[in-house]
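Asks: Below you will find the structure I want to go over with you.
The values are calculated or read from the model by the stated rules, or taken from the named source; none is laboratory data. This is a predicted model, so every value here is computed, not measured. Every residue, glycine among them, receives a Cβ derived from its backbone with ideal geometry; neighbour counts consider all protein chains shown.
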Amino acid sequence: MKILVATDGSEYSLAAARSLAERPWPVGTVFKILSVEELVPMPIPVEVSSLAAIYPASLLEELMTTARARAVEAAEGTRKILVLAGQTVLEQEQNPAGDPRRIILDTAETWPADIIALGSHGRHGLDRILMGSVAESVAVHAHCSVVVVRK
Amino acid sequence: MKVLIAIDSSPASQRVLEEVAARPWPPNTLFCIVTAVEVGRFAELPALIEDAKRESEQMVKAGAALLLRAKDTATTQVLMGSPRRVVSAYAQECGANLIVAGSHGHGAIGRFFLGSVAQGILRTAYCSR
């Protein structure tokens, strides 16, 4: 079974990783970690190209560097939890630039994943009752099964 | 671990049961198969509600039988009311750790949309799904 774990390093993502790590999976199950990080927290998804028109190059570079560092850290945190529990982690992928929803769905489709797993909220979860927009969007549009982990 | 499996008589629900049966679970996992009878549809006709209830009971029992071929325990429950609400409420009441549901039931228009029940459960449930 091929499981794509999407993480942004938030407490929800780590809770999702712990829940996945504890569960038994079929023999030969492999995990792939996808670390997604929004460049700028905005209510609508933004691409780097559209930011380049607004931000000076130096600031954009700084944003990218910070986002990349956060993405690496997030992937590493998730990997550690899974590996410590004895799960097989194939590879990790950091893709900080772009719309997390699209990156997750595209990666799942090209791999192709049997399951996408993610936390119910991301870093910018404003409301604990409502589900995060990324989790909801992935659940709605994914071609495979989706595990949404509540903290 | 306590797993709540929400089904109706759609093909997606059948696939859900097969997938749960095929997957490994922690030792002593309890499975509860539930379905919901939407009372609103038959509010004026008690006899029809009874019929729907009986059919639903047979359906969850058949689901349990399928699961029992692979797993040790499976209980069943027929809930009354709007599925998207009663499933989440029942999950909270019985302390389920996980709700499993198919992405589409009967009312689905196309695969582009997630079924309204699945989406309702996603929005309101307190445990993992």
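Asks: Give A:G86, A:G77 a once-over and let me know the one that is modelled with pLDDT of 80 or more and in a loop (DSSP other than H, G, I, E, B). Before you say what the answer is, go through the steps one by one.
Replies: Values: A:G77 fails: in a loop (DSSP other than H, G, I, E, B).
Matching residue, one of A:G86, A:G77: A:G86.
Asks: For region A:75-89, what are the residues that are more than 11 Å from A:I33 (Cα to Cα) and of a type in the set (A, V, I, L, M)?
Replies: Within region A:75-89, A:I81, A:V83, A:L84, A:A85 qualify.
This table checks each residue for (1) at the interface with another protein chain (Cβ under 10 Å from one of its Cβ atoms); (2) at pLDDT 60 or above; (3) part of a helix (DSSP H, G or I).
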residue: B:G63; (1), (2), (3): no, yes, yes
residue: B:K71; (1), (2), (3): no, yes, no
residue: B:A91; (1), (2), (3): no, yes, yes
residue: B:V100; (1), (2), (3): yes, yes, no
residue: B:S103; (1), (2), (3): yes, yes, no
residue: B:I109; (1), (2), (3): no, no, no
residue: B:F113; (1), (2), (3): yes, no, no
residue: B:A118; (1), (2), (3): yes, yes, yes
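Asks: Out of the residues in region B:12-33 that are in a strand (DSSP E or B) and of a type outside the set (A, V, I, L, M), state the one that is nearest to B:S56 (Cα to Cα).
Replies: Within region B:12-33, the subset in a strand (DSSP E or B) is B:30-33.
Filter once more, keeping what is of a type outside the set (A, V, I, L, M): B:31-32.
Working: B:F31: 17, B:C32: 14 Å.
Taking the candidates together, the pick is B:C32.
Asks: Determine whether region B:35-55 contains at least one residue that is modelled with pLDDT under 85, in a helix (DSSP H, G or I) and within 14 Å of chain A (Cβ to nearest Cβ).
Replies: no
Asks: Mind checking whether some residue in region A:20-32 is more than 14 Å from chain B (Cβ to nearest Cβ), modelled with pLDDT of 90 or more and touching an Asp or Glu at 6+ places or on another chain (Cβ under 7 Å)? Spell out how you get there, then give the answer.
Replies: Initially, region A:20-32 is screened for residues more than 14 Å from chain B (Cβ to nearest Cβ), giving A:30-32.
Add one more test, that the residue is modelled with pLDDT of 90 or more, and what stays is A:30-32.
Within this subset, residues satisfying the condition of being touching an Asp or Glu at 6+ places or on another chain (Cβ under 7 Å) are A:32.
Yes: one or more hits.
Asks: Yes or no: B:S13 away from chain A (no Cβ under 14 Å), small (G, A, S) and either in contact (Cβ under 8 Å) with a residue 12 or more places away in the chain or at positive phi (or both)? Outline the logic, then answer.
Replies: Details: away from chain A (no Cβ under 14 Å): no; small (G, A, S): yes; either in contact (Cβ under 8 Å) with a residue 12 or more places away in the chain or at positive phi (or both): yes.
No.
Asks: Just to be sure I understand, how many residues within region A:91-120 are among the small types (G, A, S), within 14 Å of A:V147 (Cα to Cα) and more than 14 Å from chain B (Cβ to nearest Cβ)? Working first, answer last.
Replies: Initial filter on region A:91-120 (among the small types (G, A, S)): A:97-98, A:108, A:113, A:117, A:119-120.
Restricting the remaining residues to those that are within 14 Å of A:V147 (Cα to Cα) gives A:108, A:113, A:117, A:119-120.
Still in the list and also more than 14 Å from chain B (Cβ to nearest Cβ): A:108, A:113.
Number of matching residues: 2.
Asks: Sort out which residues of region A:1-27 are touching a Pro at 6+ places or on another chain (Cβ under 8 Å) and without any contact (Cβ under 8 Å) to a residue 40 or more places away in the chain, and write them in order of number.
Replies: Here is the first cut: in region A:1-27, the ones touching a Pro at 6+ places or on another chain (Cβ under 8 Å) are A:1-2, A:6, A:8, A:22-26.
Listed by number, the residues that qualify are A:R23, A:P24, A:P26.
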